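Take a look at the structure below.
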Amino acid sequence: MHRFVLEAIPTPEESREVARKAIVILKDFVADENILHDIDLVLTEGCSNVARHAYEKHEDCNRLELTITIHPEKHIIFEIADWGKGLCAKSIDFSMPSPEAVGGRGMFIMSELMDSFELIQEDGKNVIKLTRKLKEDQWLKK
């Protein structure tokens, strides 16, 4: 098992940078470029949601944390965390919004491209936990 923790102040630029750094790490483990593209899209969306929605302006705690746990030959777990207002799991719509909708595609994209999607709220910490399974031929051989 390998574990990596990336932290940033959740601005749009920093959120994108966290996703980029995650992909750099994953390139040492994942051989399939399509999987890396999917993960990049999911992490960019999840991290930018923290930047856009988690914190009120001028809030004291303003932090984004991405934990990557790699279980070689099995799966990768991503935990996108914030200490802001959090999401209400019951109010999240995971369906694809209409073409006219201005937003609302992020949760749909994340839930479709990952094998599992879980919202965890514990001791003031809000976590989107995502798991992606990989087939044997999608891993880099070491």
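The values are calculated or read from the model by the stated rules, or taken from the named source; none is laboratory data. What you are looking at is a predicted structure, and each value in this text was computed from that prediction instead of being measured. Glycine gets a Cβ as well: all are built from the backbone with ideal geometry, and neighbour counts include every protein chain shown. What goes into the accessible areas is simple: the full protein's heavy atoms, side chains included, and nothing from ligands, DNA or RNA. Shrake-Rupley method; radii C 1.70, N 1.55, O 1.52, S 1.80 Å.
Take the residues in the stretch 123-138 that are assigned to a loop (DSSP other than H, G, I, E, B) and at pLDDT 95 or above, then tell me which one is least open to solvent (accessible area, probe 1.4 Å). Checking each candidate, the answer is LEU134.
Taking residues in the stretch 120-142 that are of a type in the set (Ser, Thr, Tyr), and partners anywhere that are open to solvent by 70 Å² or more (accessible area, probe 1.4 Å) and not in a strand (DSSP E or B), the pairs with Cβ atoms closer than 6 Å and at least 6 places apart or on different chains are THR131/ASP115. Assess whether GLU112 counts as being open to solvent by 70 Å² or more (accessible area, probe 1.4 Å) and at pLDDT 90 or above. No, not satisfied.
Each residue in the stretch 4-25 was checked for being of a type outside the set (Phe, Trp, Tyr), within 17 Å of TRP139 (Cβ to Cβ) and in contact with a strand residue (DSSP E or B) (Cβ under 7 Å, 6 or more places away or on another chain), and 2 pass.
Selection of first residues in the stretch 1-25 that are of a type in the set (Lys, Arg) and of second residues that are at pLDDT 95 or above and open to solvent by less than 70 Å² (accessible area, probe 1.4 Å), restricted to Cβ pairs under 8 Å at least 6 apart or on distinct chains, gives the following pairs, ordered by first then second residue: ARG3/THR67; ARG3/ILE68; ARG3/THR69; ARG3/ILE70; ARG20/ASP40; LYS21/LEU6.
Yes or no, residue by residue, for (1) at pLDDT 90 or above; (2) assigned to a strand (DSSP E or B):
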residue: ILE39; (1), (2): yes, no
residue: GLY46; (1), (2): yes, no
residue: ALA51; (1), (2): no, no
residue: ILE70; (1), (2): yes, yes
residue: LYS85; (1), (2): no, no
residue: PHE108; (1), (2): no, no
